[in-house]
1. Specify whether the C-alpha gyration tensor of the range B:52-184 places it in the rounded, prolate or oblate class, a ≥ b ≥ c being the square roots of the eigenvalues: rounded for a/c under 1.5, otherwise prolate if a/b is larger than b/c and oblate if not.
2. Taking the Cα centre as origin and putting +1 on Lys and Arg beta-carbons and -1 on Asp and Glu beta-carbons, what dipole magnitude results for the range A:1-87, to the nearest 20 debye?
3. May I have the extent of the alpha carbons of the range A:208-343 along their three principal axes, as whole Å values ordered from largest to smallest?
4. Going 7 Å from the Cα of A:Ala367 in the Cα-to-Cβ direction, what parts of the range A:286-325 have a backbone nitrogen less than 17 Å from that spot?
5. Each residue of the range A:259-267 in order: what ³J(HN,Hα) in whole Hz does its phi give by Karplus 6.51 cos²θ - 1.76 cosθ + 1.60, θ = phi - 60°, with x for Gly and Pro?
6. Assuming a ≥ b ≥ c are the square roots of the Cα gyration tensor eigenvalues, decide whether the protein assembly as shown counts as rounded (a/c under 1.5), prolate (otherwise, with a/b larger than b/c) or oblate.
7. Let me confirm one metric for peptide B:229-241, namely the mean number of other chain beta-carbon atoms within 10 Å of its residues' beta-carbons.
8. Using 1/(1 + (r/R0)^6) with R0 = 25 angstrom and r between the beta carbons of A:Ala213 and A:Ser297, what's the FRET efficiency to the nearest 0.05?
Protein chains: 2
Amino acid sequence: MAIPVSPLAPTTYPDLPPIAGVRFATAEAGIKYKNRTDVLLMAFDPGTTAAGVVTRSLCSSAAVDWCKANLPGGTARGLVVNSGNANAFTGAKGRDSVALTADYAAKALGCAPGEIFLASTGVIGEPLDAGKFAGVLDTMATRLGDSPWMDPARAIMTTDTFPKLAGAICDFDGVEVKINGIAKGSGMIAPDMATMLSFVVTDMPIAAPVLQALLNQHVRTSFNAITVDSDTSTSDTLLVFATGKAGVEPIESLDDPRAAIFGEALRDVLFDLAIQVVRDGEGATKQVSVHVEGATSDASAFRIAKAIADSPLVKTAIAGEDANWGRVVMAVGKAGEPADRDKLSIRFGDLLVAQAGERAAVYDEAATSAYMKGQELEVSVDIGLGTGRATVYTCDLTHGYIDINGSYRS
Amino acid sequence: MAIPVSPLAPTTYPDLPPIAGVRFATAEAGIKYKNRTDVLLMAFDPGTTAAGVVTRSLCSSAAVDWCKANLPGGTARGLVVNSGNANAFTGAKGRDSVALTADYAAKALGCAPGEIFLASTGVIGEPLDAGKFAGVLDTMATRLGDSPWMDPARAIMTTDTFPKLAGAICDFDGVEVKINGIAKGSGMIAPDMATMLSFVVTDMPIAAPVLQALLNQHVRTSFNAITVDSDTSTSDTLLVFATGKAGVEPIESLDDPRAAIFGEALRDVLFDLAIQVVRDGEGATKQVSVHVEGATSDASAFRIAKAIADSPLVKTAIAGEDANWGRVVMAVGKAGEPADRDKLSIRFGDLLVAQAGERAAVYDEAATSAYMKGQELEVSVDIGLGTGRATVYTCDLTHGYIDINGSYRS
C-alpha cells in the first residue's frame, strides 16, 4: 500500500553543513524494503564523546541493550542503523546478531566493538540476519563522506512519509559550533524517555557526563513530550555524539556558562525533530499542542496533558474538525490527577469554550468550528488548582492510521 | 451518518420475563434523536433496595453526583434515564436540571426525590432542559407495564447498534428468583469501575449492603474488565434494584450461603451485558479476550492485559487480521509492570507464537493468519514470573471507529 505524504510535511528541508569529525555512508542491504537505502554507517574521529537515552520498555530490543552497555564508556567511533527490522524480541539470535554487526563495523572502522553504537527499527520478532551487513559495511567504510545529511535521514525511515532533519549553530567567541540531527517516526510513539530513533552530532568538545546531563534535561520537553498513539516502542534510541573538532575550549562541567547555551541549542534541535515526528504521525492531518496549566504540579500537568493527547475520542474529534470540548473534560476526568470540575476552563486557540464547570457564556460555535479547520491547533486547559504546567504535542487520529497499521507486516 | 449494525450483534435476543415489583415506560422526548424513544421511567414498589457503582472520573456528570448522594439511602422507588445528552460539565444548570427531573418523577410516582435515581448519556457539555421531562414523565407514569424489556433496552441507546439485554434465573428451594439487566455502550469505554449505563433488576429480597458488596465483587471481572477505546466516561452508572417480591427469605448477610449463589447469577448477567458492550464497541468487527497469567500479582496481570487491550497498534493489527504478536510484546513492555522479556510466551488461540524471548520454533504463519480471520479471538500471555492472572475483553480498532467519532456531535 502506498502511503500518501503527510499534509504536514515541510515544504523545504534544511541544508545541514558538514561537521568535522563525522563521515557517513548509506546502502541498500535489502533487509525489508526494496529500491531504497536501509543501512546507515557513521564513523566518528577518535575523541568523540557520546550520550544517549533509550526506551524504558521492559521488552527492549537487542540493539537497545547493546547501547545501554556501551553508553557508560562515553566514547564512540561508529554508529550502524538499519530500518525494516527492529531485531526486538529475537532472543539469543538477536544478541548474537548485534554482536556480529558490531564486530563487522569495528573491523571496517578499525576500532573496538564497544565503541560501536547500534539501532534497528521495523518489524518486531523477526530474526535479523547480521550476515546481510558483512560485505555491506566493508564497502560503506570505503566511501564515507561528510554530506549530504539528507542521505542518513532517508536511510532510517520506516513508515515515515518525509525525512526529518534539524540543525543549530551556536557562536562561542566567534567560533561556530554546529549541531545536526536526524530522526524517524512515525507510529508506536509514546516515548517513555526517547522516542524511536534520533541521532544528533555536534563538533562541540564536551565531556560525556555533561552531554548526558544536558540530554536528560532537554529530552523531557522535546521527545518525551510527544505522543502519536500512546504506544511505546521497544527500540526507542536517541544518541548524541560530540566530535570535539570545533576550535573552542571543551565544556568539562555543567558550571561552565556555555553548557546552558549549548544545551538550549541542543534543545532546539531535539524539539524541532520531535515536532517533525508528530507531524508525520501515522495518518496525521493536524498537529495539536495540548497545554495544561493550573495543575498541582508540573508532573500532574504532564499526566493530564498526556491523557488528553492520547485520548482516541479527542483525536478523532480533532480529525473530524469537531470542537468537541466535552471529550477534553472526559480526558481530564480520567487522568486520575487532582482536578475540580467546577474550576476547569478550556480554550481552543484563543477561544474560551468552557469555564467554571460549564460551557462558557461567550462560547461561539461558528468561530470555534472555523478554528478547528486549521492544521495547527492549540488546546489549553487551566485546572485552576495550582501552578503546575506542561505541554504535550500530538496529532489527530484518522483513517490513515488504520490503513497503515492494519497491514504493516504485509 | 447511518452506522451499520455491528457484525458481532446477537442473532436473537432473550425474552426477559416480567419481574414483580417493577414497571416501566419509555417515551420520545426529542432530546437529541428523532423518531425513537429516548427516555425511560422505571417504577419500583416500596421496599426495593438499591446498590450501584459509578464512574471514578473527577469530572462526573450531574446525574452521577445525584446517584452518589442517594445510594447510601439504599432504597429506590424510581429511575429516569435519558439518552442524547449526558448533562455532564453543565455546572449549576446541570445540578438544577437533575433536581427538577427528580422532583417531576417523585411527584409522578408519589415518592421522595431521594428515592429517584437518574442517569443521562450522550453529548457532554450541552445543558439539558429538564422542562422536556415535565409532561412526559406524568404521562409515562399512567402507562407503566412490566414488559417487554426490549423497550427500556432500546430507549437508553446512543451510538449502540443493537440493544443489550441479559437475564438469569436462580432456584432457591423451588422458588424462582429472577435477574434482568440492560446496558448501553458503545464508545468512551474504559470503565474505571462501572461503564456507561447498565440497570439490573431482581425480585430477590436482599439487604442493600449485601447487594452492594456482591456488586462490588462482580463488577471487577465484568464491566471493569472491558475496554473499547481506553476513554473513561463522565457518566458511567451501574445500578441494581431488588424489589424483594420473590417468595423467599431475605438475604440479610454475606454469610447467608445463598449470597454467593445469587452473586454468581448476578455476575453472569453483568458479564453477559459487558461482553455485549464490547461486541458493540464503536466500529468493532472482532471480539478479543486478552488473558494474562504468570504476573507477579492479579493487579499487575490486569494492568498488563489492559495495556495490550488498549493499544491502538494491537487493535489495528487485529482489525487487519495480522498476527503481529510483536505489538503484544511492545504492549507488555510499556505496561510498566514486572516482566522479563526472555520469560515471556504468547499464544493466539491455542497457537504458540512466541516463547522465551523470541518467536516460537513451532510458529506457523499460515495457521496463525487463518486463526486471525475469526470473529472471536483469544490472546494469551504468560509473563513467567508468578501466579497473578487477569482477563480483559476488548474489540478491534477500525475505520468504523473513526467514522463514528469524527462527527459525533453533528
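We did not get these values from a lab; they are worked out from the coordinates using the rules stated. Only a predicted model underlies this, so the values are computations on that prediction, with no experimental measurement involved. Quick reminder, even Gly has a Cβ in these numbers, built from the backbone with ideal geometry, and neighbours come from all protein chains shown.
1. Taking the square roots of the gyration eigenvalues as a ≥ b ≥ c, the range B:52-184 is prolate.
2. Charge dipole of the range A:1-87: 160 debye, to the nearest 20.
3. Principal axes ranked by extent give 55, 34, 25 Å for the Cα atoms.
4. So the set is A:323-325.
5. 4, 5, 5, 4, x, 5, 5, 4, 4
6. It comes out prolate by the Cα gyration axes.
7. Whole-number average of other-chain Cβ neighbours for B:229-241 is 3.
8. Plugging the Cβ-Cβ distance into 1/(1 + (r/R0)^6) gives 0.65.
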